[in-house]
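Undergrad: For reference, the structure I am asking about is given below.
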Amino acid sequence: MKCAIVPVTPFQQNCSVIWSETTKEGAVVDPGGDPERVLAAVETHDVRLTKILITHGHVDHAAATADLAEALSLPIEGPHKADKFWIDALPEAAARYGFPPARAFTPDRWLVGGDTVTLGDLTLDVIHCPGHTPGHVVFLHRPSRLALVGDVLFQGSIGRTDFPQGDHEALIRSIRDRLFPLGDDIVFVPGHGPTSTFGAERRSNPYVSDLAVGAA
Ligand SMILES: [Zn+2]
Ligand SMILES: [Zn+2]
């Protein structure tokens, strides 16, 4: 699986275009804004979009979803239904943070942990990682050792949990019990900032390292 990162919105959210090298079929993950920049990357890499994937319902990740899905007739998969209240609040959130007008939407498919998402000949695993938001999901392509983790985990940090239905303990469990066991070698694209590996965060992340949680 190939991945091109396109930072979008004033929040520099890492929207990603992912695709199969074999079939060129691909998806946009978390189109929070700046759709023209996302589509330029799609064109550069000669990707044929077949769906839109959403990790969670925050405005910087999902604001352009409805417009993009409608313009390109693409189905939307994700997040988990527990994020419906965030998606329903997109119009207000867009106004509050100075985004262009955004519409709420209903995904064609809500996801749950253990689901798989297909892109051409690729199969991605869906991991439900509540904490930052209750319906946050992570997409993992095991053969490429690459995960798209949204705002669950960052290089040297973790997602905020001071939002409605945020849960710090749940977030730590999501990372420690559901992500780190996938392997130290997994490279992850976070929702903001540089990529890292699960192993590097397990060693040195001040919030979730082995030392930080007393597992060393
Ligand atoms: Zn978020
Ligand atoms: Zn974000």
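Undergrad: Between 93, 66, 40, find the one with the highest GNM mean-square fluctuation for the chain; connect C-alpha pairs within less than 10 Å.
TA: Checking each option, the largest mean-square fluctuation is seen for 40.
Undergrad: Ordered by packing density, taken as the mean number of other Cβ atoms within 10 Å over each peptide's residues, highest first, how do 29-39, 176-186 rank? Show your work: numbers first, answer last.
TA: Working: 29-39: 22.4, 176-186: 15.3.
In descending order of packing, they fall as 29-39, 176-186.
Undergrad: If you line up the Cα atoms of the range 50-94 on their principal axes, what length do they span on each, largest first, in Å?
TA: 25, 20, 14
Undergrad: Next question. Would you calculate a helix-derived [θ] at 222 nm for the chain, using -39,500 (n - 2.57) for each DSSP H run of n ≥ 4 and dividing by the full residue count, to the nearest 500? Mind showing how you got there, number by number?
TA: Details: 7 runs with 47 residues, N = 216.
The helix-only estimate for the chain comes to -5500 deg cm²/dmol at 222 nm.
Undergrad: Work out how much length residue 210 to residue 178 would gain on full extension: take 0.36 nm times their residue separation and subtract the Cα-Cα distance, in nm to one decimal. Intermediate results must be reported in sequence, preceding the final value.
TA: Values: separation 32, 0.36 × 32 = 11.52 nm, distance 1.45 nm.
So the chain would gain 10.1 nm between residue 210 and residue 178.
Undergrad: Across the Cα atoms of the range 2-204, what radius of gyration and what greatest pairwise Cα-Cα distance (Dmax) are found, in Å?
TA: 15.3, 44
Undergrad: Please list 150-157, 165-172 highest first by mean number of surrounding beta-carbon atoms within 10 Å per residue.
TA: Working: 150-157: 22.6, 165-172: 16.4.
Result, highest mean Cβ count within 10 Å first: 150-157, 165-172.
Undergrad: Among 50-62, 188-200, what's the highest-first ranking by average C-beta atoms within 10 angstrom per residue? Don't skip to the answer; put the middle values down first.
TA: Numbers: 50-62: 26.6, 188-200: 19.1.
Highest mean packing first, the order is 50-62, 188-200.
Where a number appears in this text, it was derived from the coordinates with a stated rule and is not lab data. Owing to the predicted nature of the structure, the values given are computational and were not obtained by experimental measurement. Cβ atoms come from the backbone with ideal geometry, glycine included; neighbour counts cover every protein chain shown.
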